[in-house]
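Report on the following structure.
The values are calculated or read from the model by the stated rules, or taken from the named source; none is laboratory data. Predicted model only: the values in this text are computed from it and were never measured. Using ideal geometry, Cβ is built from the backbone for each residue, glycine included, and neighbour counts are taken over all protein chains shown.
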């Protein structure tokens, strides 16, 4: 920036000749730090001119940027923000910044604190749900951050949907097993969640549970039929037929049929002997 120099009166001149200094001071007040006052001769006027010039040089340097060795308020604020961001990146959401009363930096600090507060609450919600759902078995619990919007609301909704998707198959399995334990073999596990078909491991578990209940039901029906025909109706020779079974189910079916066969043979032998005696 070009410097403009105004001649300063000498010590012998009248005080009214300090007008160049006054004019330069007015220019500085308007933000013009390029003005300089020319000192003429020794004395008070020259000292004032030199002091004014040094002041303008400092003001001009400050206007161009703070000295490297003397950090400004903004520099210190940015350093604090940098350190706080580093803590947050390392997973420490408890750090907070002390915002100034006013200025843009204060608004930035307050926004940062709000953001870290939401992150901290979200992390605490996940920890809480891990305990109450995963450990305490309170399957009705869901996450909440209060009145939030945007990505925060979407994240909470997605987390709650994930919990529901995990909980509902478990609840269905528990419902069906409880029914079986109480002797109700008519129940089956739903293979849909909110209109969406189960997939992957959920579908495999659901299919397995339903197959188990179906095999139990068919086995119970066949045992009941054979017992009624042989024991109540006197239809000897009845056998149980449970399709598609293997392993222990086939063994149980074979055992029932063996028992029915033995009963049939014994009854027929008794009838044969009784008939022979009667004749």
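Considering only residues that are surrounded by 12 or more Cβ atoms within 10 Å (Cβ to Cβ) and free of Cβ contacts under 8 Å to residues at least 12 places away in the same chain, look in the range 159-173 and name the one that is farthest from residue 187 (Cα to Cα). Give the steps one after another, and end with the answer.
Keep residues of the range 159-173 that are surrounded by 12 or more Cβ atoms within 10 Å (Cβ to Cβ), which gives 159-161, 163-173.
Narrowing further to those that are free of Cβ contacts under 8 Å to residues at least 12 places away in the same chain: 161, 166.
Details: 161: 26, 166: 21 Å.
Among those that are surrounded by 12 or more Cβ atoms within 10 Å (Cβ to Cβ) and free of Cβ contacts under 8 Å to residues at least 12 places away in the same chain, it is 161.
Starting from residues that are assigned to a helix (DSSP H, G or I) and surrounded by fewer than 13 Cβ atoms within 10 Å (Cβ to Cβ), keep the ones in the range 129-148 and report whichever is nearest to the chain's Cα centre (by Cα).
Let us first name the residues in the range 129-148 that are assigned to a helix (DSSP H, G or I), namely 129-135.
So of that shortlist, the ones also surrounded by fewer than 13 Cβ atoms within 10 Å (Cβ to Cβ) come out as 130-131, 134-135.
Values: 130: 12, 131: 15, 134: 16, 135: 18 Å.
The extreme case among them is 130.
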(Q) Please go through (1) under 30 Å from residue 204 (Cβ atoms); (2) part of a helix (DSSP H, G or I); (3) at pLDDT below 85 for residue 151 and return the number of the only condition it doesn't satisfy. (A) (1)
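Inside the range 76-103, can you point out the residues that are in a loop (DSSP other than H, G, I, E, B), out of contact with any helix residue (DSSP H, G or I) (no Cβ under 6 Å at 6 or more places or on another chain) and closer than 17 Å to residue 118 by Cβ?
First, the residues of the range 76-103 that are in a loop (DSSP other than H, G, I, E, B): 90-102.
Now narrow it down to the ones that are out of contact with any helix residue (DSSP H, G or I) (no Cβ under 6 Å at 6 or more places or on another chain): 90-92, 94, 98, 101-102.
If the condition is that a residue be in a loop (DSSP other than H, G, I, E, B), out of contact with any helix residue (DSSP H, G or I) (no Cβ under 6 Å at 6 or more places or on another chain) and closer than 17 Å to residue 118 by Cβ, then 91, 92, 94 are the ones that fit.
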Q | Which listed residue is modelled with pLDDT of 75 or more, more than 30 Å from residue 152 (Cβ to Cβ) and not in a helix (DSSP H, G or I), from 37, 70 | A | 37
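Name the residues in the range 176-205 that are outside any loop (DSSP other than H, G, I, E, B) and surrounded by fewer than 13 Cβ atoms within 10 Å (Cβ to Cβ), would you? Show your work before the answer.
Going through the range 176-205, the residues outside any loop (DSSP other than H, G, I, E, B) turn out to be 176-181, 192-193, 196-197, 200-205.
Once the filter is applied, which keeps residues that are outside any loop (DSSP other than H, G, I, E, B) and surrounded by fewer than 13 Cβ atoms within 10 Å (Cβ to Cβ), the range 176-205 yields 178, 181, 192, 196, 197, 200, 201, 204.
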Q: Test residue 26 against the criterion of being loosely packed, with under 12 Cβ neighbours inside 10 Å and either at pLDDT 75 or above or in contact with a strand residue (DSSP E or B) (Cβ under 7 Å, 6 or more places away or on another chain) (or both), and give yes or no.
A: no
